[in-house]
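One structure below.
The values are calculated or read from the model by the stated rules, or taken from the named source; none is laboratory data. This structure is a prediction, so every number in the text was calculated from the model and none was measured. Cβ sites come from the backbone with ideal geometry, for glycine too, and all protein chains shown count toward neighbours. The protein model used for the area step is the full one, side chains on, heavy atoms only, and it has no ligands, DNA or RNA in it. Shrake-Rupley method; radii C 1.70, N 1.55, O 1.52, S 1.80 Å.
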Amino acid sequence: MTKVLVVDDDFMVAKLHSRYVSALDGFTVVGVAHSGAEALRAAERLRPDLVLLDIYLPDMDGIAVLRGLRAAEERDGSRVSVDALFITAARDAGVIRAALRAGALHYLIKPFNQGALQEQLRHIASLRTRLAGLGEARQEDVDHIFGTRPPGSRALPKGLAAHTADLVEGVLRRHKDGLSATECADAGALSRVSARRYLEYFAETGRAEISLRYGGTGRPERRYRWIG
């Protein structure tokens, strides 16, 4: 469960954003703050995983709040670093650059609907999960986390499509004990031949391992397990 602190000087807006967050599985609102000082105190007390942070606050701007959070983390080595998503009407490019340099994960411009916020929250949850599962990162992991390479731009062998590779990867990740090409094809609504090509590609690039399961007669069954 991702613990969220909502920071906005407008009480009604904070309430609305809290409702959006609470409606999404895997997220819970642990607190609401309406000023920068209140946000810093709440973060110290509640230790949220994510802060939804407005730029315009009555006592300091949201970027100063984020810098204050980072300074507190540096002073206290046991404190887990909090992620920040700016949700604000501020459109100035200089403000956006400052937010990124302060360590924001993303910047969502008001007004927006529930779907737009929840899409960002799902993306953040995906990043947190991916990072938690990484020991040593490959370049494509870094590209995914930092968003430095657009979807579909990965270098794939001729005849392989990025969206199908993502589909097969998802199937592999969900079946942690491994599966055969036939089982992968059934789970992904693909042909067995197509599933096998992608599975072999992942094995060749070191993201899946192959094991052999011996039955009665005939060739042993090749089984694939995600290790990427």
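With the cut-off at 13 Å, report for the range 69-121 the share of all Cα pairs above it, as a whole percent. The partial results should precede the final answer.
Numbers: 881 of 1378 pairs.
Roughly 64 percent, rounded to a whole number.
Between helix 93-102 and the chain, what is the angle of the helix's C-alpha long axis to the longest principal axis, kept within 0 to 90° and rounded to the nearest 10? It works out to around 70 degrees.
In whole percent, how big is the carbon plus sulfur part of the accessible area of the chain, probe 1.4 Å, protein atoms only?
Working: 6630 of 12730 Å².
The value for the chain is 52 percent carbon and sulfur by accessible area.
Looking at the chain, the accessible area is 56 square angstrom per residue; that uses a 1.4 Å probe and ignores ligands, DNA and RNA.
Quick check on the chain: helices-only [θ] at 222 nm, where DSSP H runs of length 4 and up contribute -39,500 (n - 2.57) each and the sum goes over total residues. Nearest 500, please.
Numbers: 9 runs with 108 residues, N = 228.
It lands at -14500 deg cm²/dmol.
So what is the relative contact order of the range 1-89, in percent, for Cα pairs below 8 Å that sit 6 or more residues apart? In percent, rounded to a whole number, it is 31. Note on Lys176: aspartates and glutamates with a C-alpha under 20 Å away, same-chain residues under 8 apart excluded, are Glu136, Asp141, Asp166, Asp186, Glu200, Glu204, Glu209, Glu221. Modelled label positions at Ala71 and Ala162, each set 7 Å beyond Cα in the direction of Cβ, lie 4.1 nm from each other. Axis angle, to the nearest 10 degrees, between helix 36-46 and the longest C-alpha principal axis of the chain: 50 degrees.
Checking the cross-link filter: which lysines have an alpha carbon closer than 21 Å to that of Lys15, excluding same-chain neighbours under 8 positions apart? Lys15 reaches Lys3, Lys110. Helix 11-22 and the long axis of the chain differ in direction by around 20°, with both axes built from C-alpha atoms. For the range 1-97, applying the loop criterion from DSSP together with a ceiling of 14 other beta carbons within 10 Å to the trypsin sites (Lys or Arg not before Pro) yields Arg79, Arg91. Taking His17, His123, His163 as the candidate residues, the one with maximal mean-square fluctuation in a Gaussian network model of the chain, Cα springs under 10 Å, is His163. The chain gives an Rg/Rh value of 1.09, both radii derived from C-alpha positions and Rh following Kirkwood.
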